[in-house]
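Here is the structure we will look at, set down as structure tokens.
Read-outs throughout are calculated quantities, based only on the coordinates presented, and are distinct from any laboratory measurement. Predicted, not measured: the structure shown is a model, and the values here were computed from it. Don't worry about glycine lacking a Cβ; one is built from the backbone with ideal geometry, like all the others, and counts go over all protein chains shown.
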Amino acid sequence: QVQLVESGGGLVQAGGSLRLSCAASGRTGSNIRMGWFRQAPGKERVFVASITWSGGTTIYADSVKGRFTISRDNAKTTVFLQMNSLKPEDTAIYYCAVQPSARPGKPYDYWGQGTQVTVSS
């Protein structure tokens, strides 16, 4: 059982920055991936970025490449999403999730409650 708690969301102007945090607790395997997803009002939830826990291998959605950076603090069991050059289309609820087995096609089985990010024009 894994529990995830996101924080760091808020209201920013276009071009500004935010850093989201996701604190994890509970038991997991040693080969996991942690990811960020987002869901805008009336839209489907989509992938944003992910990182493997042990090796730090990252993947980014094309829409955020060059602007967002995912990282982790192994000692604190926390994953971060640094968001720069924010655009109004980045407005969404951002969710942290855990993929218990960091392999292609494996599901993200655990999800946080989400944190709201609003970017004004």
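Points to keep in mind about this one:
- In range of the label at Gln3: residues from segment 78-112 whose backbone nitrogen is under 17 Å from the point 7 Å along Cα→Cβ: 78-79, 96-98, 110-112
- Considering only alpha-carbon pairs that sit under 8 angstrom and 6 or more positions apart, the relative contact order computed for segment 1-117 is 34 percent.
- Grouping the Cα pair distances of the chain into 10 Å bins from zero gives a pair-distance distribution of 14, 49, 30, 6, 0 percent in increasing distance order.
- Local electrostatic count, Pro100, Cβ distance below 15 Å [Lys/Arg +1, Asp/Glu -1]: +3
- Here the spin labels are modelled as points 7 Å beyond Cα on the Cα-Cβ line, and at Ser101 and Thr69 they lie 3.3 nm apart.
- Sequence-distant residues sharing a close amide H with Tyr110 (under 5 Å, placed H): Val98
- Vicinal HN-Hα couplings computed from phi for segment 73-84 (Karplus, 6.51 cos²θ - 1.76 cosθ + 1.60; Hz; Gly/Pro x): 10, 4, 5, 9, 6, 10, 10, 10, 10, 8, 10, 10
- Given in Å, the Rg to one decimal and the Dmax to the nearest whole number for the Cα atoms of segment 57-119 are 12.8, 34.
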